[in-house]
Amino acid sequence: MFRNHKLSSYSLNSVCAEFLGMQKEDVHHSIISELQQGTDEDRRRLAVYCIKDSYLVIRLMWKLAVLINYIEMARVCGVPLDYLLNRGQQIKVFSMLLRRCRAENLLVPNLAKHGNNEDVKFEGATVIEPKRAFYEEPIATLDFASLYPSIMQAYNLCYSTLISKTDAERQFPGGSGTAYKPSPQCVDGVHHFVTASTRRGILPRILEDLLAARKRAKADMKKATDPMEKAVQNGRQLALKISANSVYGFTGAAVGQLPCLPIASTTTAYGRTLLLRTREFVESTYTIANGYPANAEVVYGDTDSVMVNFGFGDVATTLPKAEKVAEEVTKIFPAPVKLEFEKVYFPYLLMNKKRYAGLLWTRPEAHDYMDAKGLETVRRDNCLLVRQLVDGCLRKIIIERDTGAAINYAKRAIADLLQNKIDIGHLVITKALSKEADSKDYKAKSAHAELAKRMRQRDPGSAPNVGDRVPYVIVQAPKGTAAYEKAEDPVYVLDHNLPLDASYYLQNQLAKPLTRIFEPIIKDPESTLLRGDHTRVVAKPTPVARKGGIMGFTKKTLHCLGCKAKISSGTVCAHCKPREGEVYLKRVHECIEHERTFNELWTQCQRCQGSLHQDVLCSNSDCPIFYKRKKVQADLRDSSSHLQRFDVDFSW
């Protein structure tokens, strides 16, 4: 899961909810002994908990075709299954290289793993500077199919075709061209590669076989009628794709078995050349002067794709013409380099490098879905509120085409945050604990690591371990307190009724994402969204007295339940006494609402655990209902205590 999927949490419950729509009753470790020593029904619940642990893992393996994919990867690469689980990508490429070299009667040097010279660096992929704007016309996306594998085939880049400048001039006195070609960007200025007509490289042949086999696997997958056969072919084509894309990384690895910077640097240099040639060809060919309706403009390009505004008018016209453009551009490149038309974005919001969103179209009848890249909707290090707010704003801007509604939606969310109306489950931030919490490898103190250290002091059994994602919220603290000192466990916050720091979430979680989205659309989005009437009402929860804190010296006073004025005794002040009945009914209504919400959540948890007649024991903090249930329990206790102050006697 860690390797193949990016999730906010990797607990069994969270993963099953994501892929299966199922969860299990999460029994806390502290009550397992109590259940075992309890009644038959208690032991049954414990048995169901243990059985579901195994059952859900099996369901996940079938759903994600884990075993099928690993078997196909092992067949493609020629390595044992345990290598795929315990070793990295390099062993797979090295195994394929050994297999091909044996067939060719070639020897592979047996070298210890070593690194490239740290002083020698090579330039990576290029990014065409984005022209930030909100485009309300179709933007066509043209992608290179398997760019780096195609480059290595087209230009015959391999260990066996690499030749120094001195050797090339001595062996081929006729000069570069037919026999060999100089690298467009050599590491030390003296490396060349012989052409395929002189000697076909090993890596290009491996890649050719992998990509050809992938085409066959995809064709067989389309023809397959049996679900198992379709899953096998899909696993095979994925294995072939991953293996082909790993070859470039194998040659450019910082530490590896056969690192070769000339191959890696030449591959990326050709990639930059192809991308820039594509932009030059498109913008010089598809112009008004050549009979087209508008001058084509490349608005953005990254590694292996370009986004082009052809000015064709609508999606129905753009789709077939963009496909024809891709075919024409492909002709200027050597085979098997191929530029493909993939999709059209309409409308298209371009915010920055690797940050954009748009409505994706592959057919003129209707859009497929809203696609977002690099935004908080797909990033895991933001709280759920940010992801939902960004997604909601994008939908109103891109799908509904209503910028005003998006601004009002953002303002309402900010107002609710400042007035403490947001559920705590929407404010939980998760970060992966990559090292031990007390490790000295941390260059600076981080919120999740410091919290993990405190949680270990409280309860070592339930504290997060290395590799886990640590959930936390930011609570209020004295001015000047560092953020890592304000991080706290959400369950601890609910149990101890700690107030959250709304201003932190506004400035550090919401401000930048909202500014990025609205900057290409409206002027000064910061003053429009982050300041104004909607930010004037701010809830200031009463701090909770903690042992050893200054609040331990304060004295609690009663407040009127009608107007919040201080009173010495009773329920309401003299001013609110005439409407005491109205105040009482309002509190009763609040208590009834909390009871209704709690009953709904409790019943939902009972259904999840499989019994409507037993207490809920689940402690699954990855479930959003868990935090809602905890919060409404606290609200219900407060409402009940308020009602008890009225001292109403119902014993008539």
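The values are calculated or read from the model by the stated rules, or taken from the named source; none is laboratory data. Quantities reported herein were computed from a predicted structural model and do not represent experimental measurements. Glycine also receives a Cβ, built like all others from the backbone with ideal geometry; neighbour counts cover every protein chain displayed. Note: accessible area is taken over every heavy atom of the protein model, side chains too, but ligands, DNA and RNA are not part of it. Shrake-Rupley method; radii C 1.70, N 1.55, O 1.52, S 1.80 Å.
Values for this structure:
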quantity: Relative contact order (percent, whole number), the stretch 279-365, Cα cutoff 8 Å, 6+ residue spacing; calculated: 19
quantity: Straight-distance crosslink candidates among lysines, where the alpha carbon sits under 24 Å from K52 and sequence neighbours closer than 8 are dropped; calculated: K6, K24, K63
quantity: MRE, 222 nm, helices only [DSSP H, n ≥ 4, -39500 (n - 2.57), over the chain, to nearest 500]; calculated: -14500 deg cm²/dmol
quantity: Contact order relative to length of the chain, as percent, for alpha carbon pairs under 8 angstrom and 6 or more apart; calculated: 14
quantity: Reachable lysines from K165, criterion Cα separation under 25 angstrom, eight or more residues apart if same chain; calculated: K121, K181
quantity: Mean separation of Cα contacts under 8 Å (6+ apart) over length of the stretch 28-164, as relative contact order %; calculated: 8
quantity: Net +/- balance of residues flanking V66 in space, Cβ distance below 12 Å, scoring K and R +1, D and E -1; calculated: +2
quantity: Hull shadow area, averaged, the chain [alpha-carbon convex hull, nm²]; calculated: 40.8
quantity: Amide hydrogen neighbours beyond the local backbone of C560, cut-off 5 Å, H modeled; calculated: A565, K566, I567
quantity: Debye, to nearest 20: dipole size of the stretch 9-142, +1 on Lys, Arg Cβ, -1 on Asp, Glu Cβ; calculated: 640
quantity: Lys/Arg +1, Asp/Glu -1 at C-beta; the stretch 51-168 dipole; positive extreme among V57, T166, A133; calculated: V57
quantity: When each of K486/K512; K230/K321; K421/K486 is checked by Cα-Cα distance, pairs over 23 Å; calculated: K230/K321
quantity: Dipole moment magnitude, nearest 20 debye, the stretch 594-652 about Cα centre, only Lys, Arg, Asp, Glu C-beta charged; calculated: 220
quantity: Degrees separating the helix 624-645 axis from the principal Cα axis of the chain, which is the longest one; calculated: 10
quantity: Selected from L389, H496, S95, residue furthest toward positive end of dipole (the chain; charges at beta carbon); calculated: S95
quantity: Whole-Hz ³J(HN,Hα) from phi, Karplus 6.51 cos²θ - 1.76 cosθ + 1.60, for the stretch 264-277, glycine and proline x; calculated: 5, 5, 5, 4, 5, 5, 5, x, 5, 4, 5, 5, 5, 5
quantity: Surface accessible to a 1.4 Å probe, M61 within the full protein complex, Å²; calculated: 90
quantity: Nearest 10 degrees, 0 to 90: helix 403-418 Cα axis against the chain principal axis; calculated: 50
quantity: Qualifying aspartates and glutamates (Cα of each under 20 Å from Cα of K566; at least 8 residues distant if same chain); calculated: E580, E582, D638, D647
quantity: Selection from G374, V337, L350, by position along the positive dipole direction of the stretch 322-380 (Cβ); calculated: G374
quantity: Karplus (6.51, -1.76, 1.60) ³J(HN,Hα), θ = phi - 60°, over the stretch 39-52, in Hz, Gly and Pro reported as x; calculated: 7, 4, 5, 5, 5, 5, 5, 5, 5, 4, 4, 5, 5, 5
quantity: Built amide H within the under 5 Å cut-off of C260, gap 5+; calculated: G252, A253
quantity: Simple Cβ-charge dipole of the chain, Lys/Arg +1 and Asp/Glu -1, about Cα centre, in debye nearest 20; calculated: 780
quantity: Convex hull per residue volume in Å³, alpha carbons only, for the stretch 332-460; calculated: 221
